[in-house]
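The values are calculated or read from the model by the stated rules, or taken from the named source; none is laboratory data. Predicted model only: the values in this text are computed from it and were never measured. Counting neighbours? That spans all protein chains shown, and the Cβs are built from the backbone with ideal geometry, glycine included. Just so you know, the surface numbers come from the protein's heavy atoms only, side chains and all, with ligands and any DNA or RNA stripped out. Shrake-Rupley method; radii C 1.70, N 1.55, O 1.52, S 1.80 Å.
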Amino acid sequence: MKTIKPNYYDNFKCIAQHCNHNCCIGWEIDIDPDTLAYYQEMPSPWGDKLRSHISLNDTPHFILGRNDRCPFLNDDNLCDLICAFGEDGLCNICADHPRFFNEFSDRIECGLGLCCEEAARLILSQNEPVQFSADEDSAENATAEERDFFKLRQDIYSVLQDRSIPMNQRIDQLFDAYSVKQLPPLSDFKKIYRSLERMDPQWDHYIDQFVDTDWSHHWEIPCEQLAVYLVYRHLAGALKDGQLKERIRFIALTLRIFNCLIRNRTTLEDLYEIARLYSAEIEYSDENIEILLGHLR
Ligand code: SF4
């Protein structure tokens, strides 16, 4: 089994107490069976402390404390479990976050999820076209369907990373190449986005800004990096659900929204925050993506 990763992947390092949107606040943290067994057998005093903060209802998870904080996130915003046991003390979800993994017959594709502000910074600040540690030429052990998919995806990367033409024209080229219907005006999506599950009320303020303007060319490279990230992360879902065109439209819609929201922004930090927020609200919710794909048929 091969491991594929984007070239920035190994540069990720959690910024811990310096993080403004700590992932140990506000998210439910599920505990995998192996780690649960480890916690259940752990001797006291740590064992009792751990077990008193775990709910076994539905999927076992930590019971969040004040302000939806993980009970092991201390007042300095450091993880008490890491401080006591190192990374070995973490459940899988905490050890992996913000990494994601897409599995194929011959490979695991690893990436960094955009809902982490440090990952967003790393992804969007790349200047050169992103490269991956293998391409479709080395897919001899994949299924025929997967090989076709890798070839198609490589072609899509080539279009999206063609810096000889503006980013909006690259997206149009994709639509033409794969006979994908153009998107309706962005303002048509306000109502749909307002109807989706919400994590942060400030997202409403951004939805209000969905307006139909010309494509802004000020931030072409971050838009390209976002496009390649979305293709790498989300297009493979079409192998399972057959929604290739819908997924291309979802990626194009996300880029259209991002471009609209960043058009008057002057700093990269603003871009990281908008991408992070979109990711947390939309991209990290399978349910929200499913609803959007339904609207993009
Ligand atoms: S969101 Fe990212 S940088 Fe922030 S605490 Fe979590 S993993 Fe670390």
For this session: Filter segment 146-180 for residues that are within 19 Å of Glu246 (Cβ to Cβ) and either in a loop (DSSP other than H, G, I, E, B) or of a type in the set (Val, Ile, Thr) (or both) and give the result.
Result: Ile156, Val159, Ile171, Tyr178, Ser179, Val180
Problem set entry | Restricting segment 222-269 to residues that are basic (Lys, Arg) and over 13 Å from the mean Cα position of the chain (by Cα), the residue that is most open to solvent (accessible area, probe 1.4 Å) | Lys240
For this session: Would you confirm whether any residue within segment 108-119 is within 20 Å of the chain's Cα centre (by Cα), more than 16 Å from the ligand (Cβ to nearest atom) and part of a helix (DSSP H, G or I)?
Result: no
Exercise. Of the numbered conditions (1) in a strand (DSSP E or B); (2) more than 13 Å from the ligand (Cβ to nearest atom); (3) in contact with a Cys (Cβ under 9 Å, 6 or more places away or on another chain), Phe100 satisfies every one except a single condition; which is it?
Worked result: (2)
For this session: Kindly provide the set of residues from segment 270-289 that are surrounded by fewer than 17 Cβ atoms within 10 Å (Cβ to Cβ) and either without any contact (Cβ under 8 Å) to a residue 40 or more places away in the chain or in a loop (DSSP other than H, G, I, E, B) (or both), ordered by number.
Result: Asp270, Asp286
For this session: Quickly run through segment 219-228 and pick out the residues that are closer than 17 Å to Leu268 by Cα and in a helix (DSSP H, G or I).
Result: Glu220, Ile221, Pro222, Cys223, Glu224, Gln225, Leu226, Ala227
